[in-house]
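**Q** Pasting in a structure now, in structure tokens, and then I'll have a few things to ask.
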Amino acid sequence: MAYPEKDQLLDRFLGSALGTFVGDALGEPVEGWSHRAIYDRFEILDHFLRGVGSYTDDTQMMIGILETLLEKKGFDPAVCAVKFQQNFDPMRGYGRRIFGVMDRIRQGIPWDQVGTDSFGNGGAMRIAPIGCFYYDDMQAIKENAILSARITHNHPEGLAGAVAQATAVGLAFQQALSNEPIEPETFLDTITDRVIDVDKGFAEALDRINSIPRGSMLEIIHAISGRYGLSLRAIESVPAAIGAFLLTDSFRDAVVLAVNLGGDTDTIGAMAGAIAGAFYGYGQIPQEWLEPLENRAKGRDYVIDCVRQIVLSLNLNPSFVVSSRRTSGGLVYKQGQRKKGDPEPVNAYKTKNVT
């Protein structure tokens with residue numbers, strides 16, 4: 001396999017993982033709010049309401065997948081199930097049925113016998129590392145997305161949501177590394193082709209994104225919310241996150257739009273952030289969103305280290321350096337030797353043309 005430029009690969013993998021983290025943390029304080037309630041209070045919400053960007057179950061389960069990929073150098077559902085249980089913090093906002101799943105894993109029941117018939121978006125919210133790791137193999141993305149989802153979700157809609165989200169991340173990753181623009185209709189057709197045999201209704205729901213015209217952020221928010229329920233149901237939230245990416249032109253706008261849709265805001269924000277991060281890269285995540293991210297034992301720097309080690313395990317030896325240090329002004333992130341004020345490198349995130 002011919003690998004792309006090392007720093008670009010790490011940039012996009014980090015962008016997707018931290019994009020999940022950022023979108024999750026931005027959306028968490030307004031989870032369950034309607035768009036109207038968010039707008040009446042903030043107009044457009046684009047900052048952490050509590051000063052610190054704390055993550056929920058979305059990011060915690062994503063970390064479990066990262067840890068699995070790092071340990072096994074590929075995805076292993078049995079190992080991942082144990083990681084989910086070991087990381088499980090009931091205060092992170094998990095759905096009620098997950099408590100039973102974690103208890104069954106703790107009892108030693110095989111991973112493929114602990115899930116439920118949930119049609120929720122839990123399989124999709126955490127899936128970004130699968131899309132990044134297997135970005136050059138759409139079939140591997142699909143197979144491993146289903147394996148990952150089946151630990152907790154067995155309903156066809158839940159499985160289709162994981163496949164759709166992982167495919168969107170993988171496609172965005174591919175297009176970025178090949179320096180090719182996103183063509184929305186082709187992008188959606190590719191995802192639809194991967195999910196139609198999993199759940200036909202999900203494929204039809206994805207197609208509704210094509211009917212949404214470009215416009216202002218508020219116009220797009222109203223259009224998406226008029227087509228999707230934006231609940232924890234995968235068929236109502238995953239297409240909305242994909243739409244937030246396709247109908248905007250920057251990482252920031254994709255995540256802000258997703259969070260301001262209302263509904264399951266942390267998960268829609270996490271999923272939109274994962275796709276946008278895979279395309280635009282770590283370097284395009286706003287500094288004011290990176291610095292406040294939770295950074296305890298398994299926080300921001302832990303995620304960065306996991307991703308870097310995964311890329312190193314692929315024998316890529318990336319030259320892209322991600323480091324942080326504390327100064328009087330807070331955390332400083334370095335990407336190689338590039339300094340603030342230097343010209344932007346020519347990367348694929350500059351070429352996204354959506355018509």
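**Q** Scan Val255, Val311, Val259 and give me the residue that is closer than 29 Å to Thr190 by Cα, modelled with pLDDT under 95 and of a type in the set (A, V, I, L, M).
**A** Val311
**Q** Let me ask something else. Go through region 223-234 and give me each residue that's more than 9 Å from Asn121 (Cβ to Cβ), assigned to a helix (DSSP H, G or I) and touching a helix residue (DSSP H, G or I) at 6+ places or on another chain (Cβ under 8 Å).
**A** Once the filter is applied, which keeps residues that are more than 9 Å from Asn121 (Cβ to Cβ), assigned to a helix (DSSP H, G or I) and touching a helix residue (DSSP H, G or I) at 6+ places or on another chain (Cβ under 8 Å), region 223-234 yields Ile224, Ser225, Arg227.
**Q** Hey, Ala162 hits all of (1) in contact with a Leu (Cβ under 9 Å, 6 or more places away or on another chain); (2) in a helix (DSSP H, G or I); (3) not charged (D, E, K, R) but one; which does it fall short on?
**A** (1)
**Q** Kindly establish whether Gly51 is within 19 Å of Trp289 (Cα to Cα), surrounded by fewer than 18 Cβ atoms within 10 Å (Cβ to Cβ) and touching a residue at least 24 places away in the same chain (Cβ under 8 Å).
**A** The answer is yes for Gly51.
**Q** Could you list, in sequence order, the residues of region 195-210 that are farther than 19 Å from Ala272 by Cβ, touching a residue at least 12 places away in the same chain (Cβ under 8 Å) and not aliphatic (A, V, I, L, M)?
**A** Asp199, Gly201
**Q** State yes or no: is Met91 at pLDDT 95 or above and part of a helix (DSSP H, G or I)?
**A** Against the criterion (at pLDDT 95 or above and part of a helix (DSSP H, G or I)), Met91 does not qualify.
**Q** Related question: How about region 288-310: which of its residues are assigned to a helix (DSSP H, G or I) and touching a residue at least 60 places away in the same chain (Cβ under 8 Å)?
**A** Glu288, Trp289, Leu290, Arg300, Tyr302, Val303, Ile304, Cys306, Val307, Arg308, Gln309, Ile310
**Q** Being touching an Asp or Glu at 6+ places or on another chain (Cβ under 6 Å), at pLDDT below 95, over 19 Å from Tyr302 (Cβ atoms) and not in a helix (DSSP H, G or I), is that true of even one residue in region 94-115?
**A** Yes; the residues of region 94-115 include at least one that is touching an Asp or Glu at 6+ places or on another chain (Cβ under 6 Å), at pLDDT below 95, over 19 Å from Tyr302 (Cβ atoms) and not in a helix (DSSP H, G or I).
**Q** Select from region 206-243 the residues that are farther than 23 Å from Pro156 by Cα, in contact with a Leu (Cβ under 9 Å, 6 or more places away or on another chain) and among the charged types (D, E, K, R) and list them in ascending order.
**A** Arg214
**Q** Can I ask one more? Checking Met62 against (1) at pLDDT below 95; (2) under 27 Å from Glu288 (Cβ atoms); (3) in a helix (DSSP H, G or I), which test does it fail?
**A** (1)
**Q** Right, next: Filter region 173-198 for residues that are more than 21 Å from Glu236 (Cα to Cα), aliphatic (A, V, I, L, M) and crowded, with 23+ Cβ neighbours inside 10 Å and give the result.
**A** Ala176
**Q** Surrounded by fewer than 20 Cβ atoms within 10 Å (Cβ to Cβ), in a loop (DSSP other than H, G, I, E, B) and among the small types (Gly, Ala, Ser), is that true of Gly201?
**A** no
The values are calculated or read from the model by the stated rules, or taken from the named source; none is laboratory data. In this text the structure is predicted, and so the values were computed from the model without any measurement. With ideal geometry, Cβ positions are generated from the backbone for all residues, glycine too; neighbour counts draw on all protein chains shown.
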